[in-house]
1. Place +1 on the Cβ of every Lys and Arg and -1 on the Cβ of every Asp and Glu in segment 5-128, take the dipole about the Cα centre, and give the residue among V45, S76, T107 whose Cα lies farthest towards its positive end.
2. With the contact rule set at Cα under 8 Å and sequence spacing of 6 or more, what percent relative contact order holds for the chain?
3. Compute a Gaussian network model of the chain, connecting alpha carbons closer than 10 Å, and tell me which residue from V121, V142, V11 fluctuates the most.
4. Quick one: how many lysine pairs in the chain have C-alpha atoms under 21 angstrom apart, if they're 8 or more apart or on different chains?
5. I'd like the carbon and sulfur percentage of the solvent accessible area for segment 77-165, probe radius 1.4 Å, heavy atoms only, ligands and nucleic acids excluded.
6. Have a look at W115, W149, W41 and tell me which one the Gaussian network model of the chain (Cα, springs below 10 Å) gives the largest fluctuation.
7. For segment 97-139, report the translational diffusion coefficient in µm²/s to the nearest whole number, using Stokes-Einstein at 4 °C, 1.567 mPa s, and a Kirkwood Rh over Cα pairs.
8. Please identify, among D64, D78, D136, the residue showing maximal mean-square fluctuation in a Gaussian network model of the chain using a 10 angstrom Cα cutoff.
Amino acid sequence: MEITPVIATLVAAGFGSLMTLLVAVVVQKKTLKREREHKLWERQVSIIEESLRHERNLAQARRDAMRRPDEDLFLSLDKVFKEADVSKISANLELYGTPAMRTAHQTAWETFRDWMVDFMVWQGHSKKTGPGHEEDVRAEAVRETTRRWPDVEKLSAKAEEAHEELVRVMRATAVFEPIINRMNPELPQ
């Protein structure tokens, strides 16, 4: 059996069609994978923005409380927590966050909580140092506020460090630095 020009043309056309189909499938799969990765990255950046906004507000409330320790901490924290849906932030971090993001967020929250507990205990003693309390209660409150304030300052500094580490991890996850370096290749990497 001889291969005629018609059969050769049909075989070549069939092979060409098969290769075209194969290339189209491969390109489609790669495109879908890239789109999924991009959507995940966009979701992570959205979580980073929301989380950092909330953490920045918490850090600012802590700094304000340290500058003005006699003001009511609950009022400033109430405002911060009304502005953010913490359960949504936590759920999104659990779903889309990297392990480093979740660890940094948990550490930042724990150090803030530890500071807040000590600060509120200090504030409770501080409120007893003014008029309207018996002299021995006031004297004990003054001793306690003096003794506890250095611990409150240390915990505030620890919370500040945890906040800075959270920002560093979130920025690294968002991959801002490589994008900037690609845009400005003359900058050192």
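The values are calculated or read from the model by the stated rules, or taken from the named source; none is laboratory data. These figures come from a predicted structure and were not determined experimentally. Cβ placement follows ideal geometry from the backbone for every residue including glycine, while neighbour counts extend to all protein chains displayed. With ligands, DNA and RNA removed, areas are computed over all heavy atoms of the protein, side chains included. Shrake-Rupley method; radii C 1.70, N 1.55, O 1.52, S 1.80 Å.
1. Sorting the options by dipole projection puts first V45.
2. Numbers: 100 pairs, mean separation 44.8, N = 189.
Answer for the chain is 24 percent.
3. V11
4. On the way: K29/K39; K30/K39; K39/K88; K79/K88.
The result is 4.
5. 54 percent
6. W149
7. Result for D is 102 µm²/s.
8. Looking only at D64, D78, D136, the largest GNM fluctuation is found for D136.
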